[in-house]
Amino acid sequence: MIETILLFTLRPGVTDEQIEALRAALAAIPSEGRCNMRLGRDIGLVDGAMDLAIVTDYDDEDAYRRWFGHPEHARVRADVLAPLIERRERCQIRI
């Protein structure tokens, strides 16, 4: 199993409604092998944290590659996510 961890710094003024629209857009993309997706804003327990996290599990590397290469995923990244973020960090691990 592969887990992808994405961390984002958001642009000033990003609303909860925009974050919910992002979550809904990502969840609506059909993806064989995507097992779980969690998305949420940082809850502010420690200073200096990133603003938003998306953690997603995939059956295997092929499932991740299918997801990443899906045309609708590319559209959501460009049209919904990109306008919200200033910085992105990414890591994939085996679990």
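The values are calculated or read from the model by the stated rules, or taken from the named source; none is laboratory data. This structure is a prediction, so every number in the text was calculated from the model and none was measured. A quick note on method: Cβ atoms are made from the backbone with ideal geometry, for glycine too, and the neighbour counts reach across all protein chains shown. Protein only, heavy atoms only, side chains kept; ligands, DNA and RNA dropped before computing areas. Shrake-Rupley method; radii C 1.70, N 1.55, O 1.52, S 1.80 Å.
Considering the conditions (1) open to solvent by 90 Å² or more (accessible area, probe 1.4 Å); (2) in a loop (DSSP other than H, G, I, E, B), R87 is excluded by exactly one of them, (2). Of all residues in region 50-95, those being hydrophobic (A, V, I, L, M, F, W, C), under 16 Å from M37 (Cα atoms) and out of contact with any Asp or Glu (no Cβ under 8 Å at 6 or more places or on another chain) number 6. V46 meets all of the listed conditions (1) of a type in the set (A, V, I, L, M, F, W, C); (2) open to solvent by 60 Å² or more (accessible area, probe 1.4 Å); (3) within 14 Å of the chain's Cα centre (by Cα) but one, namely (3). For region 55-73, does any single residue satisfy the condition of being surrounded by fewer than 17 Cβ atoms within 10 Å (Cβ to Cβ) and closer than 21 Å to G13 by Cβ? Checked against the condition, which is being surrounded by fewer than 17 Cβ atoms within 10 Å (Cβ to Cβ) and closer than 21 Å to G13 by Cβ, region 55-73 yields no hits at all. Of the residues making up region 46-82, those that are more than 16 Å from L6 (Cα to Cα) and in a helix (DSSP H, G or I) are E61, D62, A63, R66, G69, P71, E72, R75, D79. Within region 1-43, the residues that satisfy the criterion of being open to solvent by 30 Å² or more (accessible area, probe 1.4 Å) and part of a helix (DSSP H, G or I) are D16, E17, Q18, E20, A21, R23, A24, A27.
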